[in-house]
1. Within segment 21-45, take every residue that is assigned to a helix (DSSP H, G or I) and in contact with a His (Cβ under 9 Å, 6 or more places away or on another chain) and give me the one that is surrounded by the fewest Cβ atoms within 10 Å (Cβ to Cβ).
2. Going by the structure shown, is Glu74 within 20 Å of Ser39 (Cβ to Cβ), modelled with pLDDT under 95 and either buried (at least 18 other Cβ atoms within 10 Å of the Cβ) or of a type in the set (D, E, K, R) (or both)?
3. Quick check on segment 119-148: of everything there that is of a type in the set (D, E, K, R) and loosely packed, with under 15 Cβ neighbours inside 10 Å, which residue is nearest to Trp19 (Cα to Cα)?
4. Are there any strands (runs of 3 or more DSSP E) wholly within segment 84-187 with 1 or more residues that are at negative phi and without any contact (Cβ under 8 Å) to a residue 60 or more places away in the chain, and if so which?
5. Need the failing condition index for Lys82 against (1) surrounded by 14 or more Cβ atoms within 10 Å (Cβ to Cβ); (2) out of contact with any helix residue (DSSP H, G or I) (no Cβ under 6 Å at 6 or more places or on another chain); (3) over 19 Å from Ile9 (Cα atoms), just the number.
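The values are calculated or read from the model by the stated rules, or taken from the named source; none is laboratory data. The structure displayed is predicted, hence computed values, not measured ones. When we count neighbours, we look across all protein chains shown, and the Cβ atoms used for this are built from the backbone with ideal geometry, even at glycine.
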Amino acid sequence: MKNSLQLKISLDNSKPEVWRRIVINNTLSMSSLHQVIQSVMQWDNSHLHRFIVNDKMFVPELTGLSDNEENYSEMIINDLLKEKGDTLTYEYDFGDSWYHTLEVESVLPPLRGEVQAELTGGANGCPPEDCGGIPGYEYLKTVLTNPKHPEYGIMREWLCMEDDEKFDPTEIVLDPDYLAEGLSNLE
């Protein structure tokens with residue numbers, strides 16, 4: 001049955017918690033769910049990813065690295081998330097290991113018209129790519145909140161920060177074009 005799901009996407013172990021709330025049609029592909037997560041979290045989609053449910057891994061292509069992986073290319077969201085309280089894990093970037101918990105908060109009527117997914121809420125900025133996972137992000141926050149830290153300038157340069165730009169980990173910076181692209185052309 002076609003419905004939409006209100007999902008909370010939480011970046012595990014982030015403090016303060018980084019999260020986004022989306023509403024998405026449950027008949028969309030798992031590939032579309034991946035695309036939406038990338039967009040709302042502002043990831044660059046430059047690393048491998050997988051969905052995990054009860055120790056079973058769902059991947060876009062079988063790698064042969066594990067006996068408990070399944071190709072999700074023919075799956076839809078409703079195959080893994082059906083009702084309120086259902087959860088799954090989304091891992092992005094196997095080096096930094098950004099684990100996200102997706103939880104169904106409610107089942108709603110389907111979205112209408114061209115809209116297949118929408119961002120409805122969230123808190124706190126997402127960490128930058130390749131900063132070393134949660135431990136690296138915590139270190140980055142320590143450095144960037146202390147102008148006297150010996151790595152302060154290096155980190156600002158690495159992040160391409162302007163001279164007058166302040167680092168605020170609570171600020172959600174969403175590129176509207178990237179977000180629009182990620183929430184359109186969904187299958």
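1. Residues of segment 21-45 assigned to a helix (DSSP H, G or I): 30-41.
From what's left, in contact with a His (Cβ under 9 Å, 6 or more places away or on another chain): 34, 37-38, 41.
Values: His34: 20, Ile37: 23, Gln38: 18, Met41: 22.
Applying the filter and picking the extreme gives Gln38.
2. On the way: within 20 Å of Ser39 (Cβ to Cβ): no; modelled with pLDDT under 95: yes; either buried (at least 18 other Cβ atoms within 10 Å of the Cβ) or of a type in the set (D, E, K, R) (or both): yes.
Criteria not met by Glu74.
3. This residue is Asp130.
4. Working: elements: 87-92, 98-108, 117-123.
Correct list: 87-92.
5. For Lys82, the failing item is (3).
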